Structure formats: structure tokens, C-alpha cells
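See structure below.
The values are calculated or read from the model by the stated rules, or taken from the named source; none is laboratory data. Keep in mind the model is a prediction, meaning the values are calculated, not measured. Positions of Cβ are backbone-derived with ideal geometry, glycine not excepted, and every protein chain shown enters the neighbour counts. Heads up: the accessible areas ignore ligands, DNA and RNA and are worked out on the full protein's heavy atoms, side chains in. Shrake-Rupley method; radii C 1.70, N 1.55, O 1.52, S 1.80 Å.
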Amino acid sequence: MATAGKVIKCKAAVAWEPNKPLVIEEIEVAPPQANEVRIKIVATGVCHTDLHHLSECKRNDGFPIILGHEGAGIVESIGPGVTEFQPGDKVIPLFLSQCRKCRFCKSPKTNQCVEGWAARGYDVLAAPDSRFTCKGKKVLQFMGTSTFSEYTVMNQMAVAKIDPAAPLDKVFLLSCGVCTGFGAAVNTAKVEPGSTCAVFGLGAVGLAAVMGCKFAGAKRIIVVDINPDKFEKAKVFGATDFVNPKDHNKPINQVLHEMTDGGVDFSLECVGNVEVMRSALESCVKGWGVSVIVGWTNSHDFAARPIQLMTGRTWKGCQFGGFKGKDGVPEMVKAYLDKKVKLDEFITHNMTLDQVNDAIELMNRGKCIRTVINVSPQ
Ligand code: NAD
Ligand code: ZN
């Protein structure tokens with residue numbers, strides 16, 4: 001490859017400071033170092049976690065940064081020591097690494113690998129170093145990925161190789177939103193056949209949770225969103241009942257208790273709002289109800305009365321739907337190619353990287369599920 005070993009100058013959307021539009025800039029992407037691969041990003045989505053960083057990260061060491069963590073691409077070149085990847089491989093970047101060596105990777109119970117950017121904590125969603133520079137300044141790599149760039153460099157332990165037949169402008173959804181919601185239902189809640197579920201929030205994450213509940217055999221799937229425009233789409237994924245909190249003048253957990261003779265078996269919070277997390281827990285039936293926190297926030301504490309748990313409810317959370325990325329993502333790609341899970345139905349808009357601020361605006365206004373941003377032509 002003509003570019004291997006050289007600095008690549010390319011286009012990226014840079015977040016220079018919080019709460020400001022991203023700026024399309026020419027950046028420099030250094031060659032991959034030991035155990036790293038440089039990836040040409042083909043497609044990316046905007047996930048709400050990108051927007052949380054833009055609006056919630058108050059620390060000035062969280063900027064400038066290249067956002068985007070839901071993407072798919074092609075390996076451009078590899079650094080020394082990389083054996084698992086070749087230029088030309090189709091890959092999905094993982095915001096949670098899988099080193100396969102740490103005690104967490106060795107346990108089947110979790111996907112919380114100790115390696116990667118997350119090892120440094122969650123105050124700033126980036127490690128201090130990156131391979132990006134722009135106008136002479138170091139630019140941070142968001143969640144170890146940064147898919148709002150034509151090229152990115154990642155450690156091989158945070159990259160999943162996928163079937164060469166996979167369409168990258170669809171399977172990018174498995175890099176975050178769809179695995180997150182689907183896995184939260186299937187892996188973390190462990191939804192049971194014949195059960196009643198409630199899903200709060202119907203973005204891509206919540207809709208994927210609905211799909212997961214249906215996949216696991218739930219009989220009734222109640223969806224809750226303050227934006228009723230989302231209900232039509234939720235039906236496509238298997239929702240059976242629709243609740244808009246704005247239509248009720250009592251707490252939503254009370255509404256759900258009345259609808260279900262005492263509460264749902266499983267609930268999933270896919271909003272990122274601590275009040276909704278509490279409602280989701282309190283919507284569960286006593287005795288065995290399980291509530292899973294999927295939505296992200298880093299700026300508020302949650303609360304609930306201890307009696308909610310003492311009477312037999314379980315409150316859990318997960319990242320990336322509990323999937324170990326290198327193992328789980330290729331399996332989910334296969335499930336899509338075998339038509340066992342849906343992806344196309346999540347995509348409502350199609351744009352280029354230059355339009356990334358429009359895609360962010362659509363999400364902020366609740367007007368999209370996912371916009372596919374075609375970063376580089378395939
Ligand atoms: P989104 O913005 O597309 O969807 C959020 C939905 O929640 C919208 O439909 C909105 O109308 C609805 N909503 C807002 N307030 C509500 C309320 N009070 N009650 C009911 N519904 C309400 O976002 P998304 O990309 O689907 O992400 C959802 C959440 O999941 C975000 O918090 C995101 O950061 C988080 N997330 C977590 C992980 C993880 O690993 N745990 C990964 C990806 C995303
Ligand atoms: Zn995400």
C-alpha cells in the first residue's frame with residue numbers, strides 16, 4: 001500500500017470544545033505503532049454517547065477530540081507485531097477491548113477488559129495519547145475509536161475482524177447501538193420466553209433491546225417514550241404496547257403495574273436519565289423483576305428505596321450489551337447475514353461526513369433512529 005508507514009492527511013470532524021458544532025478539518029494520522037492497525041473508516045453512526053461527551057464533559061482535558069465510536073472500516077496498514085489482521089480486512093472498532101489475557105477476559109461473566117482507554121477511568125472518555133494531530137495540536141481519540149475521521153489507529157485488541165461479505169454501511173450498527181441494546185436484553189437481563197418486558201427509550205439502543213426481547217421469546221413488550229413518533233418503528237421490532245408518559249398524570253411505574261397485574265418481569269432503561277432508571281426499576285414486579293441500566297450519564301447519581309431490592313428485584317447494568325467484542329461482533333454480523341437480526345430498519349437517513357452536524361441535530365431533535373454517515377467511499 002502506498003500509504004503504509006507514512007503519515008496520512010485526511011478529513012475528520014473535530015470537537016474543539018464542548019457544546020459547539022464539530023469542525024471538518026484536515027488532520028494528520030500517524031502510522032500504526034506496535035500492535036496497532038490503521039483503519040479506513042467507511043461508515044459511522046452518531047450514538048447518543050457522542051452527544052453526552054459533547055454536552056456533559058466539563059473538563060478541558062476532554063478536548064479537542066474526534067468523536068464517533070460506532071463505525072466499520074477496512075484495514076489500511078498494520079504495525080509491528082500484528083498477526084491477526086492484514087490490509088484489506090473488513091473490521092469493526094470496539095470501544096471495549098478484549099485482550100484475552102486479563103482476569104476479566106478470561107471470565108465468561110463479563111466484558112470489562114482491563115486494557116484500553118477505559119483502564120484510565122470514565123471522567124474523560126479518552127486515553128491521553130492518540131495518533132491524531134490537527135494544526136499542530138494533539139487531538140484525543142474518543143473511547144479509543146474516533147470514527148468521525150477518514151482514518152483512525154487502534155490497538156488490535158480493540159478491533160473485530162468480520163465476514164468479508166458484510167455490508168459496512170449496515171454492520172457499523174453492531175459497533176455500538178445494536179449490540180448494546182440487543183445484548184442488554186439477551187445477555188444481561190436474560191429475558192425468558194413468555195415474559196413481559198418494558199423498554200424505556202426508543203433510539204437505536206432501545207429498539208435493539210426490543211429486538212432482543214422478541215428474539216428471547218418475550219410475549220409482551222411494552223415500550224415507553226415521550227416521543228410517540230418512535231412507536232411505529234418499535235412495532236417493526238416486536239413491541240406490543242405503547243406508553244407515552246406525557247399521556248398520564250401518574251407515575252409511569254404505576255401505569256405499568258396496572259397494565260401488567262403488578263409489574264413487568266424485565267425492564268431496560270435506554271435513555272440515560274437517572275429518573276427514568278428509577279422508574280424502570282420500580283416498574284418491575286417484586287419477587288423476580290430484573291431491571292437493566294443501559295443509558296449513559298456521567299453527571300448524575302441515581303436513587304431508589306432499598307425496599308425495592310429487598311423485595312426481590314435485581315438492578316443491573318451493562319456496557320456494550322455484555323458482549324466480548326472480538327467474539328460477539330463477528331457472531332452478530334453472521335446473525336445479520338443469516339437474517340436472524342435486523343439492521344437495515346434502524347437506518348433512517350444517509351449523509352456524508354461534511355453533514356455530521358446535521359446528523360447530530362437530527363438526533364437531538366428526535367427525528368432519526370440512526371443516520372449512516374458515509375465517511376469514505378467503499
Ligand atoms: P437516542 O437519543 O437515539 O434515543 C433516546 C430515546 O429516549 C429517544 O427516543 C427519546 O425520545 C427517549 N426519551 C428521552 N427522555 C425520555 C423519558 N423521560 N422517558 C422515555 N423516553 C425518553 O439515543 P441512543 O443512541 O439510542 O442511546 C440511548 C442511551 O444509551 C444513551 O444514554 C446512550 O449514551 C446510551 N448508550 C449506552 C451504551 C452502553 O454501553 N451502556 C452504549 C451506547 C449507548
Ligand atoms: Zn454508543
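What accessible area per residue, rounded to a whole number of Å², is obtained for segment 29-87 using a probe radius of 1.4 Å?
Accessible surface, normalised per residue, equals 31 Å².
Return, ordered by residue number, the residues of segment 207-227 whose backbone nitrogen is under 19 Å from a label point located 7 Å along Cα→Cβ of Arg365.
Backbone N within reach: 226-227.
Dipole size in debye (nearest 20) for the chain around its Cα centre, Lys and Arg Cβ +1, Asp and Glu Cβ -1?
So the magnitude is around 740 debye.
Is it possible to state the helix-based mean residue ellipticity at 222 nm for the chain, with each DSSP H run of 4+ residues giving -39500 (n - 2.57), the sum divided by total residues, to the nearest 500 deg cm²/dmol? What is it?
After summing the helix terms and dividing by the residues of the chain, the value is -6000 deg cm²/dmol.
Counting other Cβ atoms within 10 Å of each Cβ, which chymotrypsin sites (Phe, Trp or Tyr not before Pro) in segment 62-144 have at most 13 and sit in a DSSP loop?
Here the sparse-neighbourhood loop sites are Tyr122.
Size of the dipole of segment 217-295 about the Cα centre, Lys and Arg at +1 and Asp and Glu at -1 on the beta carbon, nothing else charged, in debye to 20?
Taking the Cα centre of segment 217-295 as origin, the dipole is about 100 debye.
Got a sec? Which residues in segment 212-240 would a label at Glu331 touch, if it sits 7 Å along Cα→Cβ and we count backbone N under 19 Å?
Zone members listed by number: 212-218.
Kindly state, to the nearest 0.05, the FRET efficiency for Lys219 paired with Gln86, given R0 = 45 Å and r defined as their beta-carbon distance.
0.45
Roughly how far apart, in whole Å, are the Cα centres of segment 259-291 and segment 79-115?
33 Å
Can you pull out the trypsin sites (Lys or Arg not before Pro) in segment 101-189 whose DSSP state is coil and whose Cβ has at most 14 other Cβ atoms within 10 Å?
Within segment 101-189, the qualifying trypsin sites (Lys or Arg not before Pro) (loop, at most 14 other Cβ atoms within 10 Å) are Lys101, Lys109, Lys135.
Quick one: net charge around Gly121, please, counting Lys, Arg +1 and Asp, Glu -1 for every other residue with C-beta under 13 Å from its C-beta.
Every neighbour counted, the sum reads 0.
Heavy atoms of the protein only, probe of 1.4 Å, neighbouring chains included. What is the accessible area of Met259 in Å², nearest 10?
60 Å²
Could you order Thr83, Thr352 so the one with the most accessible surface comes first? Probe is 1.4 Å.
Largest accessible area first, the list is Thr83, Thr352.
Using only Cα atoms, what is the ratio of the radius of gyration of segment 229-378 to 2.2 N^0.38 Å?
Here the answer is 1.23, to two decimals.
Could you work out how much longer the chain between Ser55 and Lys286 gets when fully extended? Use 0.36 nm per residue separation minus the Cα distance between them, nm to one decimal.
Computed gain between Ser55 and Lys286 is 79.5 nm.
Return the loop-located trypsin sites (Lys or Arg not before Pro) in segment 34-76 (DSSP other than H, G, I, E, B) with at most 14 other Cβ atoms within 10 Å of their own Cβ; answer none if there are none.
Lys58, Arg59
Taking the Cα-to-Cβ direction at Asp358 and at Asp261 and moving 7 Å from each Cα, how far apart do the two end points lie in nm?
Roughly 5.1 nm, to one decimal.
With r as the distance between the Cβ atoms of Asp123 and Gln33 and R0 = 41 Å, compute the FRET efficiency 1/(1 + (r/R0)^6) and round to 0.05.
0.95
How much of Phe346 can a 1.4 Å solvent probe reach, expressed as accessible area in Å² and rounded to 10?
0 Å²
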